[in-house]
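Rule-based calculations on the coordinates, nothing more; no lab input. Quick caveat: nothing in here was measured; it's all calculated off a predicted structure. Note: ideal-geometry Cβ built from the backbone for every residue, glycine included; neighbour counts use all protein chains shown.
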Amino acid sequence: MAKAADYIDDVKRYDAGAEEAHVQKIVNYCGIALQNRDSSLVSCSDETEKNRVRDGFAKKKLGMEAGPASQAIDSVCDTMKGDNQKSRVTFLYLLAKSAGKLGDL
């Protein structure tokens, strides 16, 4: 099983104050998806992928409405545009942080 320690360094590239406990909750949420290389990454150029994040994590876990969730996802995509391979854990962490929902994880 994946651990927060495997992802914390990447998350801290974007948020130096990231807490390992928050990252671990995202790792737990992702579960088995992190075992497959393709599903462990987020593709911002794929609308289906962005919709999956919106309808899954943003709506179900964070309680966000579709419009604000889509805007937040686009914002995270912009923040991570320098990464060709966007870690799903880092992406979801930044999404939760931008929504002010890290404490709700």
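Summary of values
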item: Hits in the stretch 49-69 (condition: among the charged types (D, E, K, R) and part of a helix (DSSP H, G or I)); result: Glu49, Lys50, Arg52, Arg54, Asp55, Lys59, Lys60, Lys61
item: Selection within the stretch 70-100 - within 12 Å of the chain's Cα centre (by Cα) and either of a type in the set (A, V, I, L, M) or in a loop (DSSP other than H, G, I, E, B) (or both); result: Ala72, Ile73, Val76, Met80, Val89, Leu92, Leu94, Leu95, Ala96, Ala99
item: Number of positions in the stretch 1-19 that are among the acidic types (Asp, Glu), in a helix (DSSP H, G or I) and surrounded by 15 or more Cβ atoms within 10 Å (Cβ to Cβ); result: 1
item: Residue check for Lys86: more than 16 Å from Asp10 (Cβ to Cβ), crowded, with 17+ Cβ neighbours inside 10 Å and in contact (Cβ under 8 Å) with a residue 24 or more places away in the chain; result: no
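Rundown of residues vs (1) of a type in the set (S, T, N, Q); (2) closer than 16 Å to Leu105 by Cβ; (3) out of contact with any Leu (no Cβ under 8 Å at 6 or more places or on another chain), yes/no style:
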residue: Lys12; (1), (2), (3): no, no, yes
residue: Ala16; (1), (2), (3): no, no, yes
residue: Ser40; (1), (2), (3): yes, no, no
residue: Val53; (1), (2), (3): no, yes, no
residue: Lys59; (1), (2), (3): no, yes, yes
residue: Lys86; (1), (2), (3): no, no, no
residue: Val89; (1), (2), (3): no, yes, no
